[in-house]
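Some notes on the structure that comes next.
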Amino acid sequence: MSLAPVARRLGELARGNVDFLGATTGPEVADRVASLEAGDILLLENTRFLAGETANDPGLGRSLGALADVYVNDAFGTAHRAHASTVGAARIIREAGGLAVAGLLMERELEFLGRALGDPKRPFVALLGGAKISGKIDVVEALLPRVDRLLVGGAMANTFFLALGLDVGDSLVEEDRVEMARELMARAGDRLMLPVDCRVVPEIEAGAVVRVCARDEVQAGDRIGDIGPATEVLFRNQVLEARTVVWNGPMGVFEVDGLSHGTLAVARAVADATDDGAVSVLGGGDSAAAAEAAGVSDRLTHVSTGGGASLEFLAGETLPGVAALSEEES
């Protein structure tokens, strides 16, 4: 986890010497920074080695902030955490009269995620997948008033199936969220669309025999592992009509052979919609991996580097790492 290899690569990219110091704070660091000349680059060791980093320790924030006049945060993937390197250092530099600004990647993330929420081209379609509705309830709440269609897949759809009175066999489900799912469906009406069929297996494991069935034909002992082919067509048609698409979360256990069809089909549909002029924003590590596996990453408008950060942003929450930046443009 050391940044020493990063220093070597940075030197290649910068076409110059990059000094690496195996420390992050302390007198040696302060002396090395003070001795830097114009054009010199010094890379300090990984802040995650420091106990006070994730606690946003004030002392660590002061030590980091005292090293610079300008702070640039290009780590959108950590912007949803109030750490010493994302919040504390930026605050100290700003208090001393310096600037704390977004890097080019951070700027791009905020631009596309902000555009998707603030002024989307319509129809606006959101695709949500993954394991649990509880982990994305804030996102659902934030997106419902904005979207024209909300397509739900993955294991989180199972909780909605239960709310419809359907049997889900031995599938992953959140029984304590059934009433919440029922209320969301009542509020969303026909804007919320669920799978109409699914792929089921006796066990979620490589080599398991896959059976396709309608959502009301799931049997005892079945485990729902993916959306079915009819749902792939249904979701694809909705996505192809969209002018803005936001996708977060796989449609099934896509890392298991036989249960990746739905997720890969959605990835291809989003790419085709983008080719046709839609703006597509993909968030979350699993979704990004699925887009890569489908070979369509380079056809999407924006693939977010932040899973948790993109979720919290889509949920309308303030990201500490963004709030710590200077308000004025420069």
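Here are the numbers for this structure:
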{"item": "When residues of region 270-285 are limited to those that are among the β-branched types (Val, Ile, Thr) and in contact (Cβ under 8 Å) with a residue 60 or more places away in the chain, the one surrounded by the most Cβ atoms within 10 Å (Cβ to Cβ)", "result": "Val270"}
{"item": "Odd one out for Val168, checked against (1) modelled with pLDDT of 95 or more; (2) surrounded by fewer than 20 Cβ atoms within 10 Å (Cβ to Cβ)", "result": "(2)"}
{"item": "Qualifying residue in region 198-211 (condition: over 25 Å from the mean Cα position of the chain (by Cα) and on the phi > 0 side of the Ramachandran plot)", "result": "yes"}
{"item": "Number of the condition not met by Asp226 [criteria: (1) surrounded by fewer than 21 Cβ atoms within 10 Å (Cβ to Cβ); (2) among the charged types (D, E, K, R); (3) under 12 Å from Gly154 (Cα atoms)]", "result": "(1)"}
{"item": "Positions within region 26-83 being in contact with a strand residue (DSSP E or B) (Cβ under 9 Å, 6 or more places away or on another chain), crowded, with 18+ Cβ neighbours inside 10 Å and either without any contact (Cβ under 8 Å) to a residue 24 or more places away in the chain or charged (D, E, K, R) (or both), in sequence order", "result": "Glu45"}
{"item": "Flag if Val200 is modelled with pLDDT of 95 or more, farther than 22 Å from Val140 by Cα, in a strand (DSSP E or B) and aliphatic (A, V, I, L, M)", "result": "yes"}
{"item": "Residue selected from region 298-330 under the condition at pLDDT 80 or above and acidic (Asp, Glu), by the criterion nearest to the chain's Cα centre (by Cα)", "result": "Glu312"}
{"item": "So Pro195, is it buried (at least 20 other Cβ atoms within 10 Å of the Cβ), in the same structural domain as Ser280 (by TED's automatic domain parsing), part of a loop (DSSP other than H, G, I, E, B) and in contact with a strand residue (DSSP E or B) (Cβ under 8 Å, 6 or more places away or on another chain)", "result": "yes"}
{"item": "Lone qualifier among Val210, Val178, Val218 - being over 15 Å from Ala131 (Cβ atoms) and buried (at least 20 other Cβ atoms within 10 Å of the Cβ)", "result": "Val218"}
{"item": "Residue selected from region 66-122 under the condition among the hydroxyl-bearing types (Ser, Thr, Tyr) and assigned to a helix (DSSP H, G or I), by the criterion nearest to Gly307 (Cα to Cα)", "result": "Thr78"}
{"item": "Scope region 22-49; condition out of contact with any Asp or Glu (no Cβ under 6 Å at 6 or more places or on another chain) and part of a helix (DSSP H, G or I); matching residues", "result": "Pro27, Glu28, Val29, Ala30, Asp31, Arg32, Val33, Ala34, Arg48, Phe49"}
{"item": "Filter pass, Val212 being at pLDDT 95 or above, assigned to a strand (DSSP E or B) and more than 25 Å from Gly283 (Cα to Cα)", "result": "yes"}
{"item": "Any chance Arg115 is modelled with pLDDT under 95 and surrounded by fewer than 21 Cβ atoms within 10 Å (Cβ to Cβ)", "result": "yes"}
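The values are calculated or read from the model by the stated rules, or taken from the named source; none is laboratory data. Given the structure is predicted, the values throughout are model-derived calculations rather than measurements. Virtual Cβ from ideal backbone geometry, glycine too; neighbours counted across all protein chains shown.
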